[in-house]
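A quick write-up on the structure given underneath.
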Amino acid sequence: MNSDTERLARVRMIADYQFGKGIGKELFLDGSTFQLSRTKRVRQVLHSGKRMATARAKDGFFTLSIEGASIVHRLLPGKKLRVVISEEAAPFVEKGKTAFIKHVVDIDPELRAGEEVLVTDETNRLLATGQLLLSPAEILALNSGAAVDVRVGVASKKER
């Protein structure tokens, strides 16, 4: 087995754990390439020249690009891994702005603070991907503050 085959199996396994069973194979297709760190760990996973995900150095979990997030969004049912925001905040969030607590309409109760989430509007249209800053219980109990640190929105000019 060559090293790219091993890397692909490993990143698929992590994605299955992080996002749900079967997601890894759909998110990281055969032919995916890898950008490695100086220590030869997977840093980014690319497919057809586009970044699908980046491995976080602190824990090895993935942060998604908007292309990767759209695949996960398509595959996950219902409100799994989702933070639903109001229509009034949607134009700002899709440009990559922070999603605030007062705009959260619904949230997956099984999420934990620090997890990668999909931000959608009330019609389940993907707006952005980012990191959840507080637990769902805290978000529903509080009236102000940031809920999701948005990494990239569908209408963002840049990707980080």
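Among the residues making up the stretch 95-110, those that are open to solvent by 60 Å² or more (accessible area, probe 1.4 Å), part of a loop (DSSP other than H, G, I, E, B) and in contact (Cβ under 8 Å) with a residue 40 or more places away in the chain are Lys95, Lys97.
Across the stretch 54-94, what is the number of residues that are open to solvent by 30 Å² or more (accessible area, probe 1.4 Å), within 13 Å of Val148 (Cβ to Cβ) and assigned to a helix (DSSP H, G or I)? So the count comes out to 1. Within the stretch 24-41, residues that are under 19 Å from Val72 (Cβ atoms) reach partners that are open to solvent by 100 Å² or more (accessible area, probe 1.4 Å) with beta carbons closer than 7 Å, at six or more positions or on different chains, in the pairs Gly24/Met13. Considering every residue within the stretch 137-159, establish whether at least one is at pLDDT below 95, within 19 Å of Ile14 (Cβ to Cβ) and either surrounded by 15 or more Cβ atoms within 10 Å (Cβ to Cβ) or in contact with a strand residue (DSSP E or B) (Cβ under 7 Å, 6 or more places away or on another chain) (or both). Yes - at least one qualifying residue is present in the stretch 137-159.
Inclusion of Gly114 among residues that are on the phi > 0 side of the Ramachandran plot, in a loop (DSSP other than H, G, I, E, B), touching a residue at least 60 places away in the same chain (Cβ under 8 Å) and not acidic (Asp, Glu) is not warranted.
When the stretch 98-149 is filtered for residues that are within 22 Å of Gly78 (Cβ to Cβ) and of a type in the set (Lys, Arg), the ones remaining, listed by number, are Arg112, Arg125. Looking only at the stretch 25-53, how many residues end up being over 24 Å from Asp149 (Cα atoms) and in contact with a Lys or Arg (Cβ under 7 Å, 6 or more places away or on another chain)? Of the residues in the stretch 25-53, 6 are over 24 Å from Asp149 (Cα atoms) and in contact with a Lys or Arg (Cβ under 7 Å, 6 or more places away or on another chain). Among the residues of the stretch 2-38, those that are in a loop (DSSP other than H, G, I, E, B), open to solvent by 30 Å² or more (accessible area, probe 1.4 Å) and small (Gly, Ala, Ser) comprise Gly22, Gly31, Ser37.
The values are calculated or read from the model by the stated rules, or taken from the named source; none is laboratory data. Worth saying up front: this structure is predicted, and the values here are computed from it rather than measured. As a convention, Cβ positions derive from the backbone with ideal geometry for all residues, glycine included, and neighbour counts pool all protein chains shown. The protein model used for the area step is the full one, side chains on, heavy atoms only, and it has no ligands, DNA or RNA in it. Shrake-Rupley method; radii C 1.70, N 1.55, O 1.52, S 1.80 Å.
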